[in-house]
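Asks: I have a structure here, written as structure tokens, and I will follow up with some questions on it.
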Amino acid sequence: MSSSKAATTPGWSTWPTPTCLKAPSFSCSTPPIWRPLEYLADPDLPEGSIVFMFDTTDMEAVKKTLGGKQCFGGNVPGSLFRTGSPAQVEEYVKNLLEKVGQDGGFILSTGTVIDEADPEAFKAMFEAGRKYGTY
């Protein structure tokens, strides 16, 4: 997004922007980066009233930010159901549940709509959830 468009986009100026550092790999013309977790943790949102679903977000950061305040879920990649084996799905789910599945509030789910999947890989997500996701 060009800086002229950013200046005319309503609310754009209130979004957090990166700090320009004196580093060869950083461009000071980088457009603002939206960091939604900071906004989703708004203390004015009633606790336990919203379910947030994520696709490619660091779920440990989500747990740290929203844990105990809002429910959250997702982040099992849709591509894994098409290209991964049931064992790979199980391992992914196991690792995800170890990181964020404790103390309630997490919903095991895909991070996106699944149009095509290997039924055995999809079934593996549910079986892994039952195996590793009980409190």
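Asks: Please verify whether S85 is assigned by TED's automatic domain parsing to the domain that holds D58 and closer than 17 Å to V51 by Cβ, treating the condition exactly as stated.
Replies: In short, no.
Asks: From L40, L45, which residue is of a type in the set (A, V, I, L, M), modelled with pLDDT under 90, over 13 Å from the mean Cα position of the chain (by Cα) and over 19 Å from G129 (Cβ atoms)?
Replies: Criteria check complete, one pass: L45.
Asks: Select from segment 68-109 the residues that are of a type in the set (G, A, S) and in a helix (DSSP H, G or I) and write down the one among them that is surrounded by the most Cβ atoms within 10 Å (Cβ to Cβ).
Replies: G78
Asks: Let me ask you something else. Keeping to segment 94-111, report how many residues are of a type in the set (K, R) and more than 15 Å from F54 (Cβ to Cβ).
Replies: 1
Asks: On to the next question. In the set T112, T65, T134, which member is within 16 Å of the chain's Cα centre (by Cα) and outside any helix (DSSP H, G or I)?
Replies: Only one candidate qualifies: T112.
The values are calculated or read from the model by the stated rules, or taken from the named source; none is laboratory data. This structure is a prediction, so every number in the text was calculated from the model and none was measured. We place every Cβ from the backbone using ideal geometry, glycine too, and count neighbours over all the protein chains shown.
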